[in-house]
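Participant: Take this structure first; my questions come after.
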Amino acid sequence: MSLVPMADILKKANEEYYAVGGFNINNMEFLQGIIWAAEETNSPLILQASEGAIKYIGMDYLVNMVKAAVKDTHISVALHLDHGSSYDVIMRCIREGFSSVMYDGSKYPFKQNIRMTKEVVKAAHSVGVTVEAELGKIGGAEDDVKVEDKDAKFTKPDEAEEFVEKTGVDALAIAIGTAHGVYKGKPELDFDRLKEINSRLEIPLVLHGASGVPEEDVRRAVTMGINKVNVNTNFQQAFTGKIRELLDNDPKLYDPRKYCGPGRDAIKAKVKEKIEFFGSKNRA
Ligand code: G3H
Ligand code: ZN
């Protein structure tokens, strides 16, 4: 199967009230662990790569690895740019075959974010590529996207309505109390805000920084309009944790296949858990 636009995957999720994982790829083991878990659970999948991951893996390697991964798959898969920072990066990803992009203009003032997102939407939609945007500012750090606690800003429902109407985006990442990376304390999600935003918008909403959010809160958010849940840190922890355990227990171990393989299995098990509680199992 070839890659599908993310809008197709999210449309079904929105109509049937479940969420699909936006799972980050950091290397080949992540890609394999993630896609094998989705295939075994018969779940649709959004494979996403940050600019940092593209730089680390290399664009050609990344796109061709993903093409190889989806060649014989029976599930719907989108390849999505995570937190795209500029028009140029986005155009490059579209040219290379991404079926979806995120333009993250959240660091800019509201009007500028609208203006720049609109340009991305125009170009992406002309070739059938989906666009996710961000409004408000999600705290924490992911690669080069760093927002101090004092600068994090919740999404305003009025602005969300105006933003979607003026830009025509397909999905919107909202800030309701989640943060990228490891949390300093227990996250307090603003469910009233989510409810209000969802009542004003018809497009799918996206929850970023979901790794440290308790399972019951993610489930609740999914019942209230979240249709895409982004996870990266949890899989990094699963992979590295397994490798650390194996190397600590056996100082003579040197064959990377003997620790990267189990690391990949650990990612796969985590992905299956997420798919289960996002509700995307058997929806491929
Ligand atoms: O864009 C990616 C995510 O929002 C992942 O966040 O690393 O906290 O799971 P996380
Ligand atoms: Zn994110």
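The values are calculated or read from the model by the stated rules, or taken from the named source; none is laboratory data. Note that the structure is predicted; figures quoted are calculated from it, not measured. Note that each Cβ is placed from the backbone with ideal geometry, even for glycine, and that neighbours are counted across all protein chains shown. Remember, those area values only see protein heavy atoms, side chains included, never the ligands or the DNA or RNA. Shrake-Rupley method; radii C 1.70, N 1.55, O 1.52, S 1.80 Å.
Participant: Any idea how many residues of the range 163-221 are hydroxyl-bearing (Ser, Thr, Tyr) and more than 16 Å from ligand 1 (Cβ to nearest atom)? I'd like the intermediate steps shown before the answer.
Facilitator: Quick first cut of the range 163-221, residues hydroxyl-bearing (Ser, Thr, Tyr) only: 167, 178, 183, 199, 211.
Remaining after also requiring more than 16 Å from ligand 1 (Cβ to nearest atom): 167, 199.
Residues flagged as hydroxyl-bearing (Ser, Thr, Tyr) and more than 16 Å from ligand 1 (Cβ to nearest atom) within the range 163-221 amount to 2.
Participant: Here's something else I'd like to know. Restrict the check to the range 176-192 and report whether at least one residue is touching a helix residue (DSSP H, G or I) at 6+ places or on another chain (Cβ under 6 Å) and within 26 Å of residue 32 (Cα to Cα).
Facilitator: Of all residues in the range 176-192, those touching a helix residue (DSSP H, G or I) at 6+ places or on another chain (Cβ under 6 Å) come to 176, 181, 189.
Pick out the ones that are also within 26 Å of residue 32 (Cα to Cα) and you get 181.
Yes, the conditions are met somewhere in the range 176-192.
Participant: Select from the range 115-135 the residues that are farther than 21 Å from residue 182 by Cβ and surrounded by 20 or more Cβ atoms within 10 Å (Cβ to Cβ) and list them in ascending order. First the steps, then the outcome.
Facilitator: Of the residues in the range 115-135, the ones farther than 21 Å from residue 182 by Cβ are 115-133, 135.
Result: 117, 120, 121, 124, 129, 130, 131, 132, 133, 135.
Participant: In addition: Among the residues of the range 5-48, count how many are in contact with a strand residue (DSSP E or B) (Cβ under 6 Å, 6 or more places away or on another chain) and farther than 18 Å from residue 238 by Cβ.
Facilitator: Going through the range 5-48 one residue at a time, the tally reaches 11.
Participant: Considering every residue within the range 107-121, establish whether at least one is within 15 Å of residue 169 (Cα to Cα) and either of a type in the set (Gly, Ala, Ser) or within 16 Å of ligand 1 (Cβ to nearest atom) (or both).
Facilitator: Taking every residue of the range 107-121 in turn, none turns out to be within 15 Å of residue 169 (Cα to Cα) and either of a type in the set (Gly, Ala, Ser) or within 16 Å of ligand 1 (Cβ to nearest atom) (or both).
Participant: List the number of the failed condition for residue 243; all other conditions in (1) in contact (Cβ under 8 Å) with a residue 40 or more places away in the chain; (2) open to solvent by less than 40 Å² (accessible area, probe 1.4 Å) hold.
Facilitator: Exception for residue 243: condition (1).
Participant: Condition first: touching an Asp or Glu at 6+ places or on another chain (Cβ under 9 Å) and polar (S, T, N, Q). Can you find one or more residues in the range 204-223 that meet it?
Facilitator: There is no residue in the range 204-223 that is touching an Asp or Glu at 6+ places or on another chain (Cβ under 9 Å) and polar (S, T, N, Q).
Participant: Please specify each residue of the range 122-154 satisfying the condition of being of a type in the set (Asp, Glu) and either within 15 Å of ligand 1 (Cβ to nearest atom) or touching a residue at least 60 places away in the same chain (Cβ under 8 Å) (or both). Let's see the steps before the verdict.
Facilitator: Taking the range 122-154 as the starting set, the residues that turn out to be of a type in the set (Asp, Glu) are 132, 134, 142-144, 148-149, 151.
Selection gives 132, 134, 142, 143, 144, 149.
Participant: Between 166, 184, which is touching a residue at least 40 places away in the same chain (Cβ under 8 Å), open to solvent by 70 Å² or more (accessible area, probe 1.4 Å), away from ligand 2 (no atom under 16 Å from the Cβ) and among the basic types (Lys, Arg)?
Facilitator: On the way: 184 fails: touching a residue at least 40 places away in the same chain (Cβ under 8 Å).
Every option except 166 fails the conditions.
Participant: Sticking with this one: When both residues are 6+ apart or on different chains and their Cβ atoms are under 6 Å apart, which pairs have a first residue that lies in the range 1-15 and is closer than 17 Å to residue 221 by Cα and in contact (Cβ under 8 Å) with a residue 24 or more places away in the chain, and a second that is open to solvent by less than 30 Å² (accessible area, probe 1.4 Å) and among the β-branched types (Val, Ile, Thr)?
Facilitator: 13/20
Participant: Run down 219, 264 and say which single residue is open to solvent by 70 Å² or more (accessible area, probe 1.4 Å), away from ligand 2 (no atom under 16 Å from the Cβ), among the charged types (D, E, K, R) and in contact with a Phe, Trp or Tyr (Cβ under 9 Å, 6 or more places away or on another chain). Working first, answer last.
Facilitator: On the way: 264 fails: open to solvent by 70 Å² or more (accessible area, probe 1.4 Å).
After applying the criteria, what remains is 219.
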